[in-house]
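Single-structure report; data block below.
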Amino acid sequence: MSHSDVPAGATRRGFLQSAGALAGTPLMAAPAKAAPVAPAPSVAAPASLTLRVNGRSQLLHVEPRVTLLDALRDNLGLTGTKKGCDRGQCGACTVIVDGRRINSCLSLALAHDGDDIVTIEGIGQPGHLHPLQAAFVAEDAFQCGYCTPGQVCSAVALMEEARRGDRSSVTPDVRQQGATALSDAEIRERMSGNLCRCGAYANIVHAVRLVAKGEGLA
Amino acid sequence: MTPFAYRRAQSVDDAVRLGMSPGAHFLGGGTNLIDLAKGGVVQPLLLVDVGRLPLADVAATPEGGVRIGAMARNSDVANHALIRTRYPLLSQALLAGASAQLRNMATVGGNLLQRTRCPYFYDTGFEHCNKRVPGSGCDAIGGINRNHAILGASAACIATHPSDMCVALAALRASVRVHGPRGERTIALADFHRLPGDTPQRDTTLAQGELIVGVDLPPSRFADHAHYLKLRDRASYAFALVSVAAALDVRDGIVQDAAIALGGVAHKPWRVAQAEARLVGRAASDDAFREAAELMLQGARPASQNGFKVELARRAIVRALQVAGGQA
């Protein structure tokens, strides 16, 4: 399908949502055999919580199983945060909570009542890109772009970690204090929680290094 | 995930009380428990969120040690000035584990309670796992067992403990403080994790309802001569094939005290008192290190695909001791 075939106003997300609604539950994998336990309730009661997301206070009602990732995407419509593996292995779901980068897929929404959350939508917007977003564009640090929101959120937090002197497993001596110089080895190690299946790693390192240099960290 | 109720514990006593209810699990950072729940490996009826209990401090003790709160996050412990200067081995081990995101979430208490990453345990598509379904058998024995145990395993289970932090804690002779229905008790780290025997479903010596409240590190003379060496299939963000926490107290060229613990090779961090004793009173030398390595690996029994781990561990122990001793 060429771009000219797309009806005005149609979006990829809108198409996927309607197709998903048609397909319905058969898309869900059947639960595999597991350890026997006492009979569980079929559903747990929803609870309410407040999240401060990108500076705005938001009241949500969620079932206890809802992850922070699903709450951001499904309840708040902030679909910039991506679901990759949904098992804490790929980093596509990385958001910044109270200043710390975390995997939102492995965190229950209810555990974040009152927390301050920054997603890619709060990092920058078209026309007002964050320096790291601009660097990803300048350095051609993505192909399909699916992992990019997580990569950018991770890199934004990385800068702050380096500034305050956090060590990594490639830092020669953990006992030394002071800001960390972000060598390429440091950048690679510190970005290892974000996988890129297109393999844009080399340019991701370039983009992070560009911003680190600008901030006097490399 | 099967449905569960969620409660935030208001105090340690509240947590212990809630933790006594059937199907209750304590939720810390969630990095392992939520993953296990998503896979159906664990089917909790109640998650008791203990992540906000006021147990996140890292503080010096009057005796010269450090007390770490159970809810302190792995990244905060690794980067704490007291840990970096007095226990660099622990900083190194923590930073060798997982990713920055996961270290920001994971608690010290949760790290102690990590379940094995044996794929036959983790994937409920496999029918035989004595750890997940007691009495069902073990598909890892005779299966894909390249990552499995070479020491302390049993006919029921050859899984390994996945933690890096615990390996360093073992070498640093830490102890775990737990609070339970009958009050508080302290468990030496060496006694905290179990060998599988014929009850591999039990990873630790904790009782139902007992909550880890902290880890105590005794005063240490290992800060100047310690090294954590982790060998894995990729350079970062992978579990260990073999890891070594090596620490020496060397004065006037003579080893006064030594600690060695291995990760990735057994159901718990592996220590051998005779191996450490072999180094004491001698010069820190390759000969002594090789003798210690032999003693560390005495009785090693690889499975069908992990024979390489014996030689890998032997060389890793010598290398870690060389680096710790300043000779490499």
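What the table shows:
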read-out: Rounded to whole Å, sorted largest first: equivalent-ellipsoid semi-axes of chain B, Cα gyration tensor; value: 31, 25, 16
read-out: Over the range B:115-168: Rg over Rh, Cα atoms, Kirkwood Rh; value: 0.96
read-out: Filter on A:LYS82/B:LYS268; A:LYS82/A:LYS213; B:LYS38/B:LYS230 - keep pairs with C-alpha separation over 31 Å; value: A:LYS82/B:LYS268
read-out: Local electrostatic count, B:ALA140, Cβ distance below 12 Å [Lys/Arg +1, Asp/Glu -1]; value: +2
read-out: Enclosed volume per residue, in Å³, of the convex hull spanned by Cα atoms of the range A:70-218; value: 117
read-out: Alpha-carbon centroids, the range A:148-178 and the range B:262-321: separation in whole Å; value: 33
read-out: Centroid-to-centroid separation of the range A:66-91 and the range B:1-68 [C-alpha atoms, Å]; value: 23
read-out: Eligible aspartates and glutamates near B:LYS131 by straight Cα distance, threshold 16 Å, same-chain separation 8 or greater; value: B:ASP123, B:ASP139, B:ASP198, B:ASP203
read-out: Chain B: most fluctuating residue of B:GLY69, B:GLY137, B:GLY51 per GNM, C-alpha cutoff 10 Å; value: B:GLY137
read-out: Chain lengthening between B:ARG232 and B:ALA81 when straightened (0.36 nm per residue, less Cα-Cα); value: 51.6 nm
read-out: Under 5 Å, built H, 5+ apart or other chain: amide partners of B:LEU46; value: B:ALA5, B:ALA24, B:HIS25
read-out: Cβ-defined net charge surrounding B:SER163, 11 Å radius [Lys, Arg +1; Asp, Glu -1]; value: +1
read-out: Gain in span if fully extended, B:GLN208 to B:GLU63, counting 0.36 nm per residue against the direct Cα distance; value: 49.0 nm
read-out: Three semi-axes of the equivalent ellipsoid, the range B:5-48, Cα gyration tensor, whole Å, largest first; value: 19, 11, 7
read-out: Quotient of C-alpha Rg and 2.2 N^0.38 Å, computed over the protein assembly as shown; value: 0.99
read-out: Volume per residue that the Cα convex hull of the range B:1-106 spans, once the total is divided by residue count, Å³; value: 110
read-out: Kirkwood Rh, angstrom, the range B:226-324 [1 / mean 1/r, Cα pairs]; value: 13.6
read-out: Neighbourhood charge, 14 Å Cβ-Cβ cut-off, centred on B:THR85 and excluding it, Lys, Arg +1 and Asp, Glu -1; value: +3
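A short reminder: the numbers here are calculations on the coordinates, not readings from a lab. These figures come from a predicted structure and were not determined experimentally. Don't worry about glycine lacking a Cβ; one is built from the backbone with ideal geometry, like all the others, and counts go over all protein chains shown.
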